[in-house]
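The values are calculated or read from the model by the stated rules, or taken from the named source; none is laboratory data. Computed from a predicted model, the values in this text were never measured in an experiment. Positions of Cβ are generated from backbone atoms using ideal geometry, with glycine treated the same way; all protein chains shown enter the neighbour counts. With ligands, DNA and RNA removed, areas are computed over all heavy atoms of the protein, side chains included. Shrake-Rupley method; radii C 1.70, N 1.55, O 1.52, S 1.80 Å.
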Amino acid sequence: MHIADCIEGCFQLMGGDFTNAGRASGDLKSMLAKLGVSQDVIRRASIAAFEAEMNVIIHAVAGTMHYTVNNEEVKIILTDMGPGIESIERAMQEGYSTAPDWVREMGWGAGMGLPNIKRNSDNLKIDSVVGEGTTLEIILYIRKEKTC
Ligand SMILES: Nc1ncnc2c1ncn2[C@@H]1O[C@H](COP(=O)(O)OP(=O)(O)OP(=O)(O)O)[C@@H](O)[C@H]1O
Ligand SMILES: [Mg+2]
């Protein structure tokens, strides 16, 4: 597989917009498939991007998902305006969720999204300011095995 240029995509995300949930991560998934990236990277990138997209829709007011793909890595950056995360350490724990009841009734809010993103990415950075918003930088390496 060789990617000639840096491929990128950018999506607007709206808090509460469940109708369009999965569009941004779905676009990334089909782009990776088109580029011939390995099934393993496609699967992990899709899971991480989808969980991060859902978090903006569920927890924030609005945001963007921006991705870039080159021969080395898939980088997914999500930036949102929203309540921010008080304790990232706590938010990273399985089962921790502040999702309200109406979100739980839709099947979300198990507190598994961030741990899932961590598990499926090679590198995860979270920056958050309470009352302002959150930024996630998710990286997956395309070529793990060294050839020399
Ligand atoms: N973009 C965000 N803005 C504000 N808070 C967030 C954001 N993403 C995560 N959080 C906080 O971190 C908690 C844990 O997130 P996580 O994705 O693990 O679980 P969840 O979204 O509550 O449930 P699930 O992902 O299982 O549906 C959330 O409940 C919320 O308090
Ligand atoms: Mg979540």
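At-a-glance table
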| read-out | value |
| --- | --- |
| In the stretch 1-49, the residues that are of a type in the set (Gly, Ala, Ser), touching a residue at least 24 places away in the same chain (Cβ under 8 Å) and more than 30 Å from Asp101 (Cα to Cα) | Gly9, Gly36, Ser38 |
| Selection within the stretch 121-133 - in contact with a strand residue (DSSP E or B) (Cβ under 8 Å, 6 or more places away or on another chain) and in a loop (DSSP other than H, G, I, E, B) | Ser121, Asp122, Glu132 |
| Residue tally, condition open to solvent by 30 Å² or more (accessible area, probe 1.4 Å) and within 8 Å of ligand 1 (Cβ to nearest atom), over the stretch 59-69 | 1 |
| Residues being open to solvent by 40 Å² or more (accessible area, probe 1.4 Å) and assigned to a helix (DSSP H, G or I) - total across the stretch 36-54 | 5 |
| Leu136 being open to solvent by less than 60 Å² (accessible area, probe 1.4 Å), in contact (Cβ under 8 Å) with a residue 12 or more places away in the chain, touching a strand residue (DSSP E or B) at 6+ places or on another chain (Cβ under 7 Å) and within 15 Å of ligand 2 (Cβ to nearest atom) | yes |
